[in-house]
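Chemist: For reference, the structure I am asking about is given below.
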Amino acid sequence: MEQTVYLETLGCQMNKLDAELIRQRLGQEGYRFTLDADQAGVIIFVTCSVRQRAEDKVLSKIGQLRRRHDQQKDLILAVAGCMAERLGPALFDLHPQVDVVCAPGRIHQLGELIARARHERRRQVALNDPAEQSALEDLDASRRQTDADHPFMAYLRVMRGCNKFCSYCVVPYVRGREVSRPPESIVAEAQRLADRGVKEITLLGQTVNSYCHRNGTTTVRLADLLARVHEIAGLERLRFVTSYPRDFDERLLAAMADLPKVCEYLHLPAQSGSDRILAAMNRRYTAGQYLDLIERARQRVPGIAVAGDFIVGFPGEREEDFEATCELMRRVRYKNCFIFKYSPRPGTRADGDLADDVPTETKRRRNQILLDLQEEISLADNQAFVGQTVEILVEGPSKNPHLDEGRTGPADPAYSRSLGRSGPADSGSIQLVGRTRGDHIVVLQARPDRIGRIVPVRVVRASALTLFAEPVR
Ligand code: 5AD
Ligand code: SF4
């Protein structure tokens with residue numbers, strides 16, 4: 001039991017990658033993994049600090065482990081990830097049962113920290129330390145595993161940290177300054193992923209288009225990196241997330257237009273449509289400049305799908321500011337948007353300088369209005385796909401089979417049977433899920449031998465979140 005680990009991950013793709021690396025490293029050190037926390041001798045949470053709610057969730061899970069920790073004397077409870085850096089040893093004050101606090105910049109040492117906590121019977125803290133950069137790079141470069149649930153798609157970190165200091169955001173404080181990984185190391189990793197059968201790679205960075213690696217006199221930017229990864233045989237699709245609306249140069253748009261594997265997709269958060277709020281957020285662009293960029297992208301890369309993020313209820317956000325956000329959303333016509341209620345983060349400029357003065361109820365209402373507006377846009381734009389043939393990468397069986405109520409009622413047992421993962425009743429076909437180049441989710445009924453392939457399908461129906469398609473013969 002001592003060597004059995006339960007690992008739970010919250011938050012973004014960066015955390016998921018970190019968790020994958022932790023799993024790999026601990027596996028090499030002789031640990032085994034369990035999905036049942038009750039069977040574990042080590043419990044690790046890879047945590048998120050971007051909003052208070054994410055922190056509260058973990059704090060409550062840790063709270064629930066107090067009794068167990070009292071009873072199971074050798075249980076080790078480790079908090080890794082962004083909360084570890086943000087709260088540091090204060091986590092021990094909040095929850096004395098925590099044994100290890102390990103910041104994102106020290107995950108290569110997590111095994112060591114766990115062993116020391118156990119043998120020395122003393123709590124261990126490791127906070128970010130720029131001196132550990134090369135060990136961290138070694139850990140990234142050692143990656144051999146991919147997400148078992150999605151063997152044909154992988155995320156690949158190209159940079160760590162963020163230098164932008166948007167006034168609301170905790171990321172630069174918990175993940176540190178921007179560091180771009182060496183291009184050779186990224187290309188080698190992409191090659192290994194492709195060798196293992198990965199067809200689609202998403203390059204990952206907090207502000208991925210700021211990627212910049214200097215070596216002597218050569219400077220490699222994201223456009224160059226895309227061109228290099230593009231060469232890899234077997235790889236069929238390339239994406240990159242998340243883009244920052246500044247630092248988006250013509251060369252990157254040209255790379256998107258010219259490199260056939262680079263998908264017509266951008267995740268380009270605007271955060272607000274009001275210039276006054278954008279300035280207070282320290283985003284360093286105006287709504288007009290953002291729209292210009294969208295316009296240029298649509299000209300260079302026809303059919304490009306754009307996803308966005310918005311924060312509602314930022315300090316001082318008035319009705320007219322919110323209106324400007326709605327207007328921006330209507331003009332961009334995003335494929336989908338992530339909408340968040342402002343959550344003050346201790347240590348950030350917005351929290352220090354500005355009162356969280358938009359009432360909770362107003363945040364809730366604005367959040368709902370944006371959700372409704374986006375749903376309307378997504379539905380209309382998805383319906384325009386009906387009748388078209390699109391190319392999808394089939395990822396696997398649908399996890400939550402959609403009951404396609406439009407055609408046969410969910411009460412129809414024959415149809416229901418044919419949907420599930422387990423019961424391929426309909427001549428061996430099951431419900432599969434895939435994505436278009438624009439990252440639209442597509443569900444289709446087909447034989448499982450299509451999994452992992454890029455296939456044309458015809459869209460027959462659409463909802464705001466999903467396209468329903470049939471195989472093209
Ligand atoms: N409150 C609410 N949302 C936030 N985000 C970042 N910081 C905060 C905060 N303090 C959102 C932004 C970002 C996404 C990852 O999380 O929209 O793009
Ligand atoms: Fe946070 Fe802004 Fe950096 Fe994104 S660009 S991680 S919102 S500071």
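Chemist: Using the structure shown, decide if Leu371 is touching a Pro at 6+ places or on another chain (Cβ under 7 Å) and not hydroxyl-bearing (Ser, Thr, Tyr).
Modeler: Answer is no for this residue.
Chemist: Additional query: What are the pairs with Cβ atoms under 6 angstrom where one residue, in region 260-277, is outside the structural domain of Arg298 (by TED's automatic domain parsing) and the other, located anywhere, is within 12 Å of ligand 2 (Cβ to nearest atom) and in a loop (DSSP other than H, G, I, E, B)? Sequence gap at least six, or different chains.
Modeler: Close Cβ pairs satisfying both conditions: none exist.
Chemist: Anything in region 199-242 that is of a type in the set (A, V, I, L, M, F, W, C) and within 19 Å of Thr146 (Cβ to Cβ)? List them, or say none. Break it down into steps so the answer makes sense when it comes.
Modeler: To start, the set of residues in region 199-242 that are of a type in the set (A, V, I, L, M, F, W, C) comprises 201, 203-204, 208, 212, 220, 222-223, 225-227, 229, 232-233, 235, 238, 240-241.
Passing the criteria: Ile201, Leu203, Leu204, Val229, Ile232, Ala233, Leu235, Leu238, Phe240, Val241.
Chemist: Shifting gears a bit: Select from region 293-324 the residues that are assigned to a helix (DSSP H, G or I) and under 26 Å from Met256 (Cβ atoms) and list them in ascending order.
Modeler: Leu293, Ile294, Glu295, Arg296, Ala297, Arg298, Gln299, Arg300
Chemist: Same structure, new question: If I ask for residues that are within 16 Å of ligand 1 (Cβ to nearest atom) and touching an Asp or Glu at 6+ places or on another chain (Cβ under 7 Å), which ones from region 158-192 would you list?
Modeler: Once the filter is applied, which keeps residues that are within 16 Å of ligand 1 (Cβ to nearest atom) and touching an Asp or Glu at 6+ places or on another chain (Cβ under 7 Å), region 158-192 yields Met159, Gly161, Cys162, Asn163, Val174.
Chemist: Tally the residues that are open to solvent by 10 Å² or more (accessible area, probe 1.4 Å), in contact (Cβ under 8 Å) with a residue 12 or more places away in the chain and not in a loop (DSSP other than H, G, I, E, B), restricting the search to region 181-201. Before you say what the answer is, go through the steps one by one.
Modeler: As a first pass, look at region 181-201 and keep what is open to solvent by 10 Å² or more (accessible area, probe 1.4 Å): 182, 184-185, 187-188, 191-192, 194-197, 199.
With in contact (Cβ under 8 Å) with a residue 12 or more places away in the chain added as a condition, the list becomes 182, 185, 187-188, 191-192, 194-197, 199.
After this cut, where a residue has to be not in a loop (DSSP other than H, G, I, E, B) as well, the list is 185, 187-188, 191-192, 194-195.
The number of residues fulfilling the criteria is 7.
Chemist: Condition test on Ile114, is it under 21 Å from the mean Cα position of the chain (by Cα), surrounded by 22 or more Cβ atoms within 10 Å (Cβ to Cβ), closer than 18 Å to Glu20 by Cβ and touching a residue at least 24 places away in the same chain (Cβ under 8 Å)?
Modeler: Spelling it out, it is not the case that Ile114 is under 21 Å from the mean Cα position of the chain (by Cα), surrounded by 22 or more Cβ atoms within 10 Å (Cβ to Cβ), closer than 18 Å to Glu20 by Cβ and touching a residue at least 24 places away in the same chain (Cβ under 8 Å).
Chemist: Considering region 23-60 alone, what residues qualify as being part of a helix (DSSP H, G or I) and either over 30 Å from Phe165 (Cβ atoms) or among the hydroxyl-bearing types (Ser, Thr, Tyr) (or both)?
Modeler: Arg23, Gln24, Arg25, Leu26, Gly27, Gln28, Ala37, Asp38, Gln39, Ser60, listed by residue number.
Chemist: Which ones in region 262-288 are among the charged types (D, E, K, R) and within 11 Å of ligand 2 (Cβ to nearest atom)?
Modeler: Arg283, Arg284, listed by residue number.
Chemist: Looking at Asp357, is it among the acidic types (Asp, Glu), modelled with pLDDT of 95 or more and open to solvent by less than 30 Å² (accessible area, probe 1.4 Å)?
Modeler: No, not satisfied.
Chemist: Let me ask something else about it. Collect the residues in region 360-402 that are charged (D, E, K, R) and either open to solvent by 20 Å² or more (accessible area, probe 1.4 Å) or part of a loop (DSSP other than H, G, I, E, B) (or both), keeping them in residue-number order.
Modeler: Glu361, Arg364, Arg365, Asp372, Glu375, Glu376, Asp381, Glu391, Glu395, Lys399
Chemist: Within region 108-125, is even one residue closer than 17 Å to Ser49 by Cα and at pLDDT 95 or above? It would help to see each step written out before you state the result.
Modeler: Initially, region 108-125 is screened for residues closer than 17 Å to Ser49 by Cα, giving none.
For region 108-125, residues closer than 17 Å to Ser49 by Cα and at pLDDT 95 or above: absent.
Chemist: Is it true that Thr207 is under 22 Å from Glu231 (Cβ atoms), among the polar types (S, T, N, Q) and either at pLDDT below 95 or open to solvent by less than 40 Å² (accessible area, probe 1.4 Å) (or both)?
Modeler: Judged against the criteria, Thr207 is not a match.
Chemist: Follow-up. How many residues are open to solvent by 40 Å² or more (accessible area, probe 1.4 Å), closer than 20 Å to Arg239 by Cα and not in a strand (DSSP E or B) if we restrict to region 423-450?
Modeler: The initial filter retains those residues of region 423-450 that are open to solvent by 40 Å² or more (accessible area, probe 1.4 Å), namely 424-427, 435, 437, 441, 445, 447-450.
Filter again for closer than 20 Å to Arg239 by Cα, leaving 435, 437, 441.
Restricting the remaining residues to those that are not in a strand (DSSP E or B) gives 437.
Going through region 423-450 one residue at a time, the tally reaches 1.
Chemist: Would you mind stating whether Arg177 is surrounded by fewer than 22 Cβ atoms within 10 Å (Cβ to Cβ) and closer than 28 Å to Arg345 by Cα?
Modeler: Numbers: surrounded by fewer than 22 Cβ atoms within 10 Å (Cβ to Cβ): yes; closer than 28 Å to Arg345 by Cα: yes.
Yes.
Chemist: Identify, please: which residue in region 181-216 is under 21 Å from Ala103 (Cβ atoms) and of a type outside the set (Ser, Thr, Tyr) and is, among those, nearest to ligand 2 (Cβ to nearest atom)?
Modeler: Gln206
Chemist: Applying the selection to region 275-287, what residues are open to solvent by less than 40 Å² (accessible area, probe 1.4 Å) and either in a loop (DSSP other than H, G, I, E, B) or more than 16 Å from ligand 1 (Cβ to nearest atom) (or both)?
Modeler: If the condition is that a residue be open to solvent by less than 40 Å² (accessible area, probe 1.4 Å) and either in a loop (DSSP other than H, G, I, E, B) or more than 16 Å from ligand 1 (Cβ to nearest atom) (or both), then Met281, Asn282, Arg283, Tyr285 are the ones that fit.
Chemist: Kindly establish whether Phe338 is open to solvent by 20 Å² or more (accessible area, probe 1.4 Å) and in a strand (DSSP E or B).
Modeler: Yes; evaluated as a whole, the condition is true for this residue.
Chemist: Counting just the residues of region 288-308 that are under 11 Å from Val332 (Cα atoms) and not charged (D, E, K, R), which one comes out surrounded by the fewest Cβ atoms within 10 Å (Cβ to Cβ)?
Modeler: Leu291
The values are calculated or read from the model by the stated rules, or taken from the named source; none is laboratory data. Predicted, not measured: the structure shown is a model, and the values here were computed from it. Counting neighbours? That spans all protein chains shown, and the Cβs are built from the backbone with ideal geometry, glycine included. Note: areas computed on protein heavy atoms with side chains; ligands, DNA, RNA excluded. Shrake-Rupley method; radii C 1.70, N 1.55, O 1.52, S 1.80 Å.
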